[in-house]
Amino acid sequence: MIHLAESLAIHSVEGFLTPDEVANLTDVMDELLGARGPETYGAGRTATMHEVPGLRPEEAMAVYEPDGRVEVSELPGSAETLLQKAASRAMPTIAWVLPSVTSLRPWTYVEYGPGQHITPHADGIALDPMSWPRQIAGISVVVETAACGGGFYVETTSDERIWSPQRDTAEAGYEAGMRIANDGADNSSKWFRELRRTRWTVNPGVGCAIIYGSQLVHGTDPVGEGRARKFISWFVAERQE
């Protein structure tokens with residue numbers, strides 16, 4: 001059974017990646033980015049992982065990454081394999097806070113340069129939270145920290161507008177009393193922009209993984225100097241027969 005606390009969890013795994021693994025991953029991405037350049041994954045990119053109903057991809061990008069970023073959604077096989085192995089190694093501690101998780105989606109690489117950031121938003125469980133699989137939490141693993149700025153944050157609120165009307169979710173694999181976040185929990189929605197929220201910011205070290213619930217509002221501060229490089233993915237729960 002999926003509990004509300006899982007979708008609002010915040011957790012860390014120090015040493016998720018070893019120094020050798022970090023060096024391996026950065027070498028692989030440097031080779032890929034050097035060969036194909038920013039016109040494919042940076043300033044010239046026209047596709048995004050983010051979707052906003054009613055908006056074109058370039059409009060969704062303006063909502064989530066108004067100053068751009070590098071995004072690679074299909075990693076070289078060696079990088080994907082290394083990251084999946086690291087996640088398997090860390091699952092005993094991750095399961096402390098995400099007991100319903102059964103699998104991990106493929107990884108994505110993101111990179112932020114000066115002025116770049118991701119705006120506050122909640123990923124959400126699914127387009128239809130009553131369907132399967134269900135996205136329980138995200139994971140972000142740092143491989144290079146910015147010299148200044150680029151911190152990761154979560155935001156909490158007691159404003160009831162973050163939640164959709166209560167409904168019976170107990171028969172759909174959720175614990176009784178499960179709440180579902182409203183659609184449009186991002187800067188495309190006036191109601192979301194108006195929410196009073198409290199921000200909690202961290203600057204995890206290289207090789208550290210931050211796990212954040214799918215209904216937890218999160219984002220990053222603009223990079224002031226240098227670049228922030230990380231890999232991200234999402235833990236999911238699949239129907240258990």
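Would you tally the residues in segment 130-145 being surrounded by 13 or more Cβ atoms within 10 Å (Cβ to Cβ) and more than 18 Å from the chain's Cα centre (by Cα)?
2
Out of segment 165-182, which residues are surrounded by fewer than 14 Cβ atoms within 10 Å (Cβ to Cβ) and under 23 Å from Arg239 (Cα atoms)?
Gln166, Arg167, Asp168, Ala170, Glu171, Ala176, Gly177
What is the one condition in (1) out of contact with any helix residue (DSSP H, G or I) (no Cβ under 7 Å at 6 or more places or on another chain); (2) among the charged types (D, E, K, R); (3) surrounded by fewer than 20 Cβ atoms within 10 Å (Cβ to Cβ) that Glu111 does not satisfy?
Unmet for Glu111, out of (1) out of contact with any helix residue (DSSP H, G or I) (no Cβ under 7 Å at 6 or more places or on another chain); (2) among the charged types (D, E, K, R); (3) surrounded by fewer than 20 Cβ atoms within 10 Å (Cβ to Cβ): (3).
If you go through segment 188-202, how many residues are surrounded by fewer than 16 Cβ atoms within 10 Å (Cβ to Cβ) and either within 15 Å of the chain's Cα centre (by Cα) or not in a loop (DSSP other than H, G, I, E, B) (or both)?
Residues flagged as surrounded by fewer than 16 Cβ atoms within 10 Å (Cβ to Cβ) and either within 15 Å of the chain's Cα centre (by Cα) or not in a loop (DSSP other than H, G, I, E, B) (or both) within segment 188-202 amount to 9.
Which of (1) of a type in the set (A, V, I, L, M); (2) touching a helix residue (DSSP H, G or I) at 6+ places or on another chain (Cβ under 9 Å); (3) in a loop (DSSP other than H, G, I, E, B) does Val143 not meet, given it meets every other one?
Unmet for Val143, out of (1) of a type in the set (A, V, I, L, M); (2) touching a helix residue (DSSP H, G or I) at 6+ places or on another chain (Cβ under 9 Å); (3) in a loop (DSSP other than H, G, I, E, B): (3).
Restricting to segment 53-72, what's the tally of residues that are part of a loop (DSSP other than H, G, I, E, B) and either in contact with a strand residue (DSSP E or B) (Cβ under 7 Å, 6 or more places away or on another chain) or among the aromatic types (Phe, Trp, Tyr) (or both)?
Result for segment 53-72: 1.
Among the residues of segment 112-128, are any at pLDDT below 95 and acidic (Asp, Glu)?
Checked against the condition, which is being at pLDDT below 95 and acidic (Asp, Glu), segment 112-128 yields at least one hit.
Looking only at segment 58-73, which residues are free of Cβ contacts under 8 Å to residues at least 24 places away in the same chain and exposed (fewer than 15 other Cβ atoms within 10 Å of the Cβ)?
Glu58, Glu59
Is at least one residue of segment 119-127 under 18 Å from the mean Cα position of the chain (by Cα) and in a strand (DSSP E or B)?
The answer is yes, given that some residue of segment 119-127 is under 18 Å from the mean Cα position of the chain (by Cα) and in a strand (DSSP E or B).
Looking at (1) assigned to a helix (DSSP H, G or I); (2) surrounded by 12 or more Cβ atoms within 10 Å (Cβ to Cβ), find the lone condition where Thr48 falls short.
(1)
Given the condition at pLDDT 95 or above, under 20 Å from Glu144 (Cα atoms), surrounded by fewer than 18 Cβ atoms within 10 Å (Cβ to Cβ) and of a type in the set (Ser, Thr, Tyr), answer yes or no: does some residue in segment 23-33 qualify?
Within segment 23-33, one or more residues are at pLDDT 95 or above, under 20 Å from Glu144 (Cα atoms), surrounded by fewer than 18 Cβ atoms within 10 Å (Cβ to Cβ) and of a type in the set (Ser, Thr, Tyr).
The values are calculated or read from the model by the stated rules, or taken from the named source; none is laboratory data. Being a predicted model, the structure only gives us computed values, none of them experimental. Glycine also receives a Cβ, built like all others from the backbone with ideal geometry; neighbour counts cover every protein chain displayed.
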